[in-house]
1. Can L101 be described as assigned to a helix (DSSP H, G or I), closer than 30 Å to V297 by Cα and touching a residue at least 12 places away in the same chain (Cβ under 8 Å)?
2. Would you mind finding the one in A178, A114, A170 that is surrounded by 21 or more Cβ atoms within 10 Å (Cβ to Cβ) and in a strand (DSSP E or B)?
3. Does at least one position in region 9-18 carry a residue that is part of a loop (DSSP other than H, G, I, E, B) and either surrounded by 17 or more Cβ atoms within 10 Å (Cβ to Cβ) or of a type outside the set (V, I, T) (or both)?
4. Are any residues in region 159-200 under 14 Å from G64 (Cα atoms) and either not aliphatic (A, V, I, L, M) or not assigned by TED's automatic domain parsing to the domain that holds L109 (or both), and if so, which ones?
5. Somewhere in region 41-52, is a residue under 23 Å from the mean Cα position of the chain (by Cα) and either part of a loop (DSSP other than H, G, I, E, B) or touching a residue at least 40 places away in the same chain (Cβ under 8 Å) (or both)?
6. Among the numbered conditions (1) touching a strand residue (DSSP E or B) at 6+ places or on another chain (Cβ under 6 Å); (2) within 28 Å of V249 (Cα to Cα); (3) surrounded by fewer than 21 Cβ atoms within 10 Å (Cβ to Cβ); (4) not hydroxyl-bearing (S, T, Y), tell me where L151 comes up short.
7. Give all pairs with beta carbons closer than 9 Å in which a residue from region 69-94 that is within 17 Å of H174 (Cβ to Cβ) and outside the structural domain of Q22 (by TED's automatic domain parsing) meets a residue that is surrounded by 20 or more Cβ atoms within 10 Å (Cβ to Cβ) and of a type outside the set (S, T, N, Q); count only pairs at least 6 apart in sequence or on separate chains.
8. Return the residues of region 21-40 that are among the small types (G, A, S), surrounded by 12 or more Cβ atoms within 10 Å (Cβ to Cβ), at negative phi and not in a strand (DSSP E or B); say none if nothing qualifies.
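The values are calculated or read from the model by the stated rules, or taken from the named source; none is laboratory data. This is a predicted model, so every value here is computed, not measured. Virtual Cβ from ideal backbone geometry, glycine too; neighbours counted across all protein chains shown.
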Amino acid sequence: MLAAYDPHPELFARQIRSLRSQTVTEWECIISVDGDDATVRRVLGEVAADDDRFRVLADGERLGFYLNFERGMRAVSADTAWVALCDQDDSWYPEKLEVLLPHLEDADLVSGQARLVTYPDEVVTGRTERRDLGPIMTLLNNQFTGSLCVLRGDLIAPSLPFPRMSTRAAAHDHWLAALAGARRGTRVVDVVVQDYVQHANNVFGDPSRMSAATRFSALTTAWRNARAFTERYEGSSGLPAMLRMLFRVYVGWRQLLAETVVERTGDPTTPVSAFGVDRRFWPTVRLLRRARRRGYVRARFVLEYLASWIAGAFIGGRSATDPTAKPTS
């Protein structure tokens, strides 16, 4: 399932060619287009006009990347054995599906690793170091990048609809990994299966490569981004709106994931339930300390998460009357 939005023609063509080169050949690629589909259809006509395995899903509506992935997932046939998530601007190695699919015998969701390549200069800057940290730590700090993942087909039905929250933190791969971790589990295969292309238009780049020249520049960048995101998602950049945004990005989003997992699995004892609204402050501090000691999160993340908890205390947490902060079934 490939999610597309105004793709770069060269990168999109390269991705389509890489899909056609897979050693596993029995598949259908649903391309869910967010907005205008002209570029998608033109490139497909140029590089895959004779390949009826590609199906374009487009109605001109702009949903954003999170709900565009949901729209694509809804179009997958109910009897599908597996689904591979795909971005529009990476490049898969021919054996990617062949390497990952066998692992779905023992897990609901499996990820490989990627080589990090810049565009347009094509410089290799490293590789991902994804780790399967278990369901609790995955919910705290997601290690599953959607474009690297393949999931079992029977994960689709309980994943829909995606949980809703008005925040930039809402990510399809985090939700799917949390749900899979509470069912048959997740797995990371330490094999590089694709190029992860880093360029100016990435929705999310590889976070391990992001840094700032100085502490001051990091703070100013964080503040500027926080103001911009708050204005976009909360409709204001005032203090109450910024507190809501801070809470939702860290604590609120994970509460929603935990509650939705419990609702969809019917298992109130699932490990991720520990992130529900009943979780207390000091158990959270101990969890963050454990994650920090093991190198799962950075010190900055610990501080931001605790600040999010405090922000939640000021705004009253996730309001029962907020329709963007509820599990949906």
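1. yes
2. Selected residue: A114, the only one of A178, A114, A170 that is surrounded by 21 or more Cβ atoms within 10 Å (Cβ to Cβ) and in a strand (DSSP E or B).
3. no
4. The answer is F162, R164, S166, T167, R168, H172.
5. Looking through region 41-52, none of the residues is under 23 Å from the mean Cα position of the chain (by Cα) and either part of a loop (DSSP other than H, G, I, E, B) or touching a residue at least 40 places away in the same chain (Cβ under 8 Å) (or both).
6. So the condition that L151 fails would be (3).
7. Qualifying pairs under 9 Å: none.
8. S21
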